1. For the subset of the stretch 201-218 comprising residues that are of a type in the set (D, E, K, R) and closer than 18 Å to Tyr256 by Cα, which member is modelled with the lowest pLDDT?
2. Tell me whether the stretch 74-85 contains one or more residues that are over 21 Å from the mean Cα position of the chain (by Cα) and either without any contact (Cβ under 8 Å) to a residue 40 or more places away in the chain or surrounded by fewer than 18 Cβ atoms within 10 Å (Cβ to Cβ) (or both).
3. From the residues in the stretch 1-35 that are aliphatic (A, V, I, L, M), exposed (fewer than 13 other Cβ atoms within 10 Å of the Cβ) and at pLDDT below 95, which one is farthest from Leu70 (Cα to Cα)?
4. For the stretch 86-139, enumerate the residues that are under 30 Å from Asp306 (Cα atoms), surrounded by fewer than 22 Cβ atoms within 10 Å (Cβ to Cβ) and of a type in the set (Lys, Arg).
5. For a quick check of your reading of the model, give me the residue pairs whose first member lies in the stretch 247-259 and is under 30 Å from Phe35 (Cβ atoms) and not assigned by TED's automatic domain parsing to the domain that holds Phe226, whose second is of a type in the set (Phe, Trp, Tyr) and not in a loop (DSSP other than H, G, I, E, B), with beta-carbon atoms closer than 6 Å and at least 6 apart or on different chains.
Amino acid sequence: MPSIRVQLFDDFADPALSRLDWRGLLASGDSDTVFLTWEWQRTWWEVFGRGKLLLVLAEQDGRAVACAPLFCDEGMVFFVGSGGSDYLDFVGDVGKGEVLPAMLEAARGQAPGFLGFRFYHVPDRSHTGCLLRRAAATTGMICYDEGELPAPALTLAPDALQQAVHKKSLVRHENYYRRTGLLTVQHFSESRAIRPHLEEFFEQHATRWAVTDYPSLFTDPRQREFYVRLMEVAGEAGWLRFTRLDWNARPIAFHYGFCYHGSYMWYKPSFDIAQAQHSPGEVLIRQLLLAAYAEDAHTFDLGLGDEPFKDRFADHVESVRTWGLYPEETAAAEPIRSEGA
């Protein structure tokens, strides 16, 4: 049997688990997504972290094979990033031997008053769900499927792209802006180029959502801090994408998103609510589709959720699932409740 050694770290800055080490582990796992990068995970923890950080590193025969980026809070253990992250998972290969059970037991032992694990937004394409069920059986826990969310996306084949960007409403709205003034589109990926535009983006987003029952996330200073700090580290990493649309030198739409390993992600858009009748959001999505194709992206990821507009563009829908693992005595006592992701 290969020997498994587990180490615990409580700081993303620990040199024993460097950014380069993390990147190598991430590339070897089932879910190599932007939300599992060292940059995203560290920034999320520094801004939103609560409780105790548990970075659980597993080594097999002296070689690091996987990391569980976790934190425990009031007896529950979660993935770092549980809140605002569309896709989460373990980092690296947890399918070998007893790697996953060893990591779970190590984390469990560090959680005072342990109640259970709740793992949000694990992609169904990952083997993690199956492995968690297996690990539960060997660690005296019960595994629950706690629900799924859709993740629509468009495969950026030439024919599919042409069909999407030539939808009549998209072309009509863009033609309105080009016919009645000067429409300019700017794409940025470097921090120093993005920073001057963020305050306008935050304010536009807040104004757009103020007229609804769902206030903008940017009414929370921590959210603004997160997006600024992420810009600073992700601009260096190379996967951040920020777009600004101006009409007659006035911003009518923004987008804060990512292009990571060929997947271009629709993440946080905003538009000028005063221009709603001319749908600047449709002009924005058309320009992002063109930008994604220009970068040779293979997928345009529309993110989690089943908003009706996504049906107009997606050609397939994947799913993410939340998994809960609870000790048999806890599960038998009463259902576990906790803050959502």
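1. Per the stated criteria, the residue is Arg208.
2. Yes, the stretch 74-85 contains a residue that is over 21 Å from the mean Cα position of the chain (by Cα) and either without any contact (Cβ under 8 Å) to a residue 40 or more places away in the chain or surrounded by fewer than 18 Cβ atoms within 10 Å (Cβ to Cβ) (or both).
3. Let us first name the residues in the stretch 1-35 that are aliphatic (A, V, I, L, M), namely 1, 4, 6, 8, 13, 16-17, 20, 25-27, 34.
Still in the list and also exposed (fewer than 13 other Cβ atoms within 10 Å of the Cβ): 1, 13, 16, 20, 27.
In the following step, the residues that additionally are at pLDDT below 95 were identified as 1, 13, 16, 20.
Numbers: Met1: 27, Ala13: 15, Ala16: 17, Leu20: 19 Å.
Out of the qualifying residues, it is Met1.
4. Within the stretch 86-139, Arg125, Arg133 qualify.
5. Note: no pairs meet the criteria.
The values are calculated or read from the model by the stated rules, or taken from the named source; none is laboratory data. Fair warning: this is a prediction, and the values are worked out from it, not measured in the lab. When we count neighbours, we look across all protein chains shown, and the Cβ atoms used for this are built from the backbone with ideal geometry, even at glycine.
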